[in-house]
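Here's the structure, in structure tokens; my notes come after.
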Amino acid sequence: DDDDDDEDGISDEEPISSKESNIKVSSNNKEIKKTKRAEKNKPNDLNTAKKALEAQNAKTNESLNNLKNELNDKEQIAAAPANKAEYEDSDTSDEEDIRNTVGNIPMHWYDEYKHIGYDWDAKKIIKPPKGDQIDDFLRKIEDPDFWRSVKDPQTGQEVVLTDADIELIKRINSSRVPNPEHNEYEPWIEWFTSEVERMPIKNVPDHKRSFLPSSSERKKVSRMVHALKMGWMKTMDEVEREKKAARGPKFYMLWETDTSREQMRRIHDPVSAPKRDLPGHAESYNPPPEYLFDEKEQREWLKLKDEPYKRKLHFMPQKYKSLREVPAYPRYIRERFMRCLDLYLCPRARRTKLNIDAEYLIPKLPSPRDLQPFPTVESLVYRGHTDLVRTVSVEPKGEYIVSGSDDKTVKIWEIATGRCIRTIETDDVVRCVAWCPNAKLSVIAVATGNRLLLINPKVGDKLIVKKTDDLLAETPQVDTMESERIKTAVQWSVAEKEEQEKGVRIVITHFKPIQQVTWHGRGDYVATVMPEGANRSALIHQLSKRRSQIPFSKSKGLIQCVLFHPIKPCLFVATQHNVRIYDLVKQELIKKLLTNSKWISGMSIHPKGDNLLVSTYDKKMLWFDLDLSTKPYQTLRLHKNAVRSVAFHLRYPLFASASDDLSVIVSHGMVYNDLLQNPLIVPVKKLQTHEAREEFGILDVVWHPIQPWVFSSGADATIRLYT
């Protein structure tokens, strides 16, 4: 029965999960069975067998308990978090307990490695696994000790602070003594007595040198006496007086007085303040009659409101019967302020300046008389338009002029008589007109709305007129197929019967409004500009083959105007801020001219092709030397308002500019064949006869192809000829 109970006790034990425990238990069971068999074989020695069996059972139970404890310890270690106290088994103090032996080095050196250092056995200390933000958040919620956990930079593990550590940190933060057991107010221990003794403690006699005057003190006293005599050192009374004086307000003269010269040590040879002029008779409240303004003088004085510095007097003299009737002076505060500015901004010292004659600073320019011929007077006024005239163009032979206006008409004038020969009505505002520069053709390109009209004006030589009609009537055979990009942008068509009677021969319809038209020198190509066309803003049309081309695939900016080079196969394209020059043969960008202006309005090229003139809406004209630089050679600020147009003369060294300030300025611009000699630019005449309409002035200017005459069209619906 005891054997069976023992077997049952062994079989009722809880199973061990690890393999090692299973092996040990099975071996113990085998030993027990062998023992039982031996006992059965020996029934006589029953007591001895029982004692042996009890000892064996005790031994087995002890081994099983030890094994269980060992397994439980391993499971607790495996299940314990990474921030378990790493110094539990250490018997050293905090300062000496250093597991990581790398020393005092920056720990970020180990950022790229899996370990963080080495322990005392020269083994790598592996970094603990790092969790992401979600893990930290879960730990913050689940772990009650999260708030008191800190990371050890030496091992990368998290250490949980004890209550004593937290109390120590709180005491340090609150500026208290870290050790709460320390008493700051312990009783005073009087190591030395504070009572004066009546009798001396020591009875050593005085030294002999204590009865003799000190030589070092005598030297110090002599130096002090010398410093007092020289004023380097001051007595206590003098120092106190200076302190009292320094506490009070400080007053000093800014300028020299009216009676005596002020001593100013800081400034050598100071300048006296400018004094106000003494009042004259005109400033009296009862001036003589000759000082009072008449109506003409009042109008002139009021006319200079925008330019007050040009007035002879800054006030208008007034007369009162008595001083009691004089009102308050309205400009008193302003004049006092200007007087203060005069005092403040006046130089405080004299400076030697270079004695340079002003004549040497002004460039030596020739007299305008030596630069003749150039237009000086207004000769003819062409009237007939009812709205502002935007554009004009002259026939290559110089006999006729064509104009386009906002009244939707194109008029052809005879230059010599001023007679309007023909008026052609259009469907929209005429933005630009351009007469073909080839004298063998009689064609005018007119930009009105979305359409470009090629008109035969039927003036001049009849043979040329007939030849032009025959040329425009022929429809050339087109071999190549146009791309869809060109077909959607422009369409060629023959004018209808009604327009044929007016002189319109070919209509080129664009997909956007046309702003500018310009001809090539040979007269076969014409270029149009549509600022709203994006990458199809500029188009080139060929009359002989009746086809169009789009030179640019990408838009470099808002194109304002284009221009053909008079000699080379080049195209000038002006955007709002820059001018680009393209080679049409190589199809590449040659140069980019930097204008440094806000908005370009127009441009004109010199007949020789080496110089370019650009007009801008910010009151400037820019002269570019194409062989010199990409920046302006000279910037001309001759106008007071936006410059609308510029033009070079084909034969004479002249150029003109038109502006919204109602003036046409004619300038002499000589370009020399010698490359080492700079161009000569001299303004010679200002012509101002147009009238203002709203905010517009002169819109276009063009030269006569042969004579030194200039035409201008303005917002006053007139065209004026200056000769």
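The values are calculated or read from the model by the stated rules, or taken from the named source; none is laboratory data. Since we're looking at a predicted model, the values are computed, not measured. Neighbour counts run over all protein chains shown; Cβ positions are idealised from the backbone, glycine included. What goes into the accessible areas is simple: the full protein's heavy atoms, side chains included, and nothing from ligands, DNA or RNA. Shrake-Rupley method; radii C 1.70, N 1.55, O 1.52, S 1.80 Å.
Among the lysines of region 302-382, pairs that are 8 or more positions apart or on different chains and have alpha carbons within less than 25 Å of each other number 5.
K275 sits with roughly 150 Å² accessible to a 1.4 Å probe, with DNA, RNA and ligands left out of the calculation.
The gain in end-to-end length when the S483 to D524 segment is fully stretched comes to 12.6 nm, 0.36 nm per residue minus the alpha carbon separation. Classify region 605-699 as rounded, prolate or oblate, taking a ≥ b ≥ c as the square roots of the eigenvalues of its Cα gyration tensor: rounded when a/c is under 1.5, otherwise prolate if a/b is larger than b/c and oblate if not. Prolate is the answer for region 605-699, as a/c is 1.5 or above and a/b outweighs b/c. Using a/c under 1.5 as the rounded threshold, could you call region 318-393 rounded, prolate or oblate? The axes a ≥ b ≥ c are square roots of the C-alpha gyration tensor eigenvalues, and prolate needs a/b larger than b/c, oblate otherwise. In terms of gyration-tensor shape, oblate. Of the whole protein surface, Y617 contributes about 90 Å² of accessible area at a 1.4 Å probe radius. Between R311 and A358, the C-beta separation translates, for a Förster distance of 22 Å, into a calculated FRET efficiency of about 0.30. Remark: accessible surface ordering of F251, F655, F374, F293 (largest first) is F251, F293, F374, F655, probe radius 1.4 Å. Put a dot 7 Å past the Cα of R547, heading toward its Cβ, do the same for I590, and the two dots end up 2.4 nm apart. The simple spin-label model puts a point 7 Å past each Cα toward its Cβ; for K151 and T193 those points are separated by 6.5 nm. Among rounded, prolate and oblate, which fits region 508-638 when a ≥ b ≥ c are the square roots of the eigenvalues of its C-alpha gyration tensor, a/c under 1.5 means rounded, and a/b larger than b/c means prolate? Verdict is prolate for region 508-638.
FRET efficiency for the C346 to S222 pair, using the beta carbon distance and R₀ = 51 Å, is estimated at 0.45. Placing L675, L650 in order of accessible area, with the largest value first and a 1.4 Å probe, yields L675, L650. Compared with the alpha-carbon gap, the fully stretched path from I105 to W232 is longer by 40.0 nm at 0.36 nm per residue. A full extension of the chain between D143 and K244 corresponds to an added length of 29.4 nm, given 0.36 nm per residue minus the alpha carbon distance. Modelled spin-label separation between R171 and E112, with each label point placed 7 Å from Cα along the Cα-to-Cβ direction: 4.6 nm. For the residues I201, I567, a 1.4 Å probe over the protein chains yields an accessible-area ranking, largest first, of I201, I567.
Loop-located trypsin sites (Lys or Arg not before Pro) across region 443-501 with a Cβ neighbour count of 16 or fewer within 10 Å are K458, with loop assigned by DSSP. Report, in listed order, any pair from K411/K462; K631/K686; K598/K620 with a Cα-Cα distance greater than 21 Å. Over 21 Å apart, Cα to Cα: K631/K686.
With r as the distance between the Cβ atoms of E474 and T630 and R0 = 35 Å, compute the FRET efficiency 1/(1 + (r/R0)^6) and round to 0.05. With a Förster radius of 35 Å, E is 0.20.
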